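Visitor: Below you'll find the structure I mean.
The values are calculated or read from the model by the stated rules, or taken from the named source; none is laboratory data. Everything numeric here is computed off the predicted structure, so don't read it as measured data. Neighbour counts are summed over all protein chains in view; Cβ atoms, including those assigned to glycine, are modelled from backbone coordinates with ideal geometry.
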Amino acid sequence: MKIEGISFGEIIVDGRSYHNDIVICGDIVQPWQRMSSHRVELDDIKPHMPEGTVLVVFGTGFGQRVIVSPLVKQYLLGRGIGLIEQETPEAVKTFNELVEKGQMVVAFLHVYC
């Protein structure tokens, strides 16, 4: 799975264009909807966390408007799962680098603000 491009409001994954926030888990790309548009809570990520996840990358938008709640951070770190929060363009680069190295990484990517 490779993210081929990112611009405000669009992300291209394996040749397919998406115009909404997405979660990438293994070979699956799904729309990612949150209870609050600019805050990540446990219920926003739990359905997308398969057994064996070792790292999560959060793309927090182009202006870093998305906030990952302290409970999410505590949940992940308490299970030995690393987390990276970056502006979405940087998160895309990080995700691609990690996947190239064979890491099991889940990406939650906000493609706006």
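Visitor: If you scan region 91-113, which residues turn out to be in contact (Cβ under 8 Å) with a residue 24 or more places away in the chain, of a type outside the set (A, V, I, L, M) and under 17 Å from Asp14 (Cβ atoms)?
Guide: Listed by number, the residues that qualify are Phe95, Asn96.
Visitor: Would it be correct to say that Lys93 is among the basic types (Lys, Arg), closer than 14 Å to Ile6 by Cβ and not in a strand (DSSP E or B)?
Guide: It is true that Lys93 is among the basic types (Lys, Arg), closer than 14 Å to Ile6 by Cβ and not in a strand (DSSP E or B).
Visitor: Within region 62-81, which residues are in contact with a helix residue (DSSP H, G or I) (Cβ under 9 Å, 6 or more places away or on another chain) and surrounded by fewer than 14 Cβ atoms within 10 Å (Cβ to Cβ)?
Guide: Leu71, the sole residue that qualifies.
Visitor: Could you grab me the full set of residues in region 54-90 that are touching a His at 6+ places or on another chain (Cβ under 9 Å) and closer than 16 Å to Val13 by Cβ?
Guide: Within region 54-90, Gly59, Thr88 qualify.
Matching residues to (1) under 19 Å from Val105 (Cβ atoms); (2) not in a helix (DSSP H, G or I):
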{"site": "Val29", "(1), (2)": "yes, yes"}
{"site": "Gln33", "(1), (2)": "no, yes"}
{"site": "Asp44", "(1), (2)": "yes, no"}
{"site": "Thr53", "(1), (2)": "yes, yes"}
{"site": "Val57", "(1), (2)": "yes, yes"}
{"site": "Gln64", "(1), (2)": "no, yes"}
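Visitor: Further question: Can you work out which of the residues in region 45-61 that are aliphatic (A, V, I, L, M) and at pLDDT 95 or above is surrounded by the most Cβ atoms within 10 Å (Cβ to Cβ)?
Guide: The selected residue is Val57.
Visitor: A further question follows. Check region 85-93 and report whether any residue there is polar (S, T, N, Q), within 13 Å of the chain's Cα centre (by Cα) and modelled with pLDDT under 95.
Guide: No, region 85-93 contains no residue that is polar (S, T, N, Q), within 13 Å of the chain's Cα centre (by Cα) and modelled with pLDDT under 95.
Visitor: Now for a separate question. Out of region 5-23, which residues are buried (at least 19 other Cβ atoms within 10 Å of the Cβ) and either touching a helix residue (DSSP H, G or I) at 6+ places or on another chain (Cβ under 7 Å) or not in a strand (DSSP E or B) (or both)?
Guide: Ile6, Asp21, Val23, listed by residue number.
Visitor: So, one more: When Leu42 is evaluated against the numbered criteria (1) of a type in the set (A, V, I, L, M); (2) surrounded by 15 or more Cβ atoms within 10 Å (Cβ to Cβ); (3) touching a residue at least 24 places away in the same chain (Cβ under 8 Å), which criterion, by number, is the only one it fails?
Guide: (2)
Visitor: Considering only residues that are modelled with pLDDT of 95 or more and among the basic types (Lys, Arg), which ones fall in region 62-78?
Guide: Matches in region 62-78: Lys73 only.
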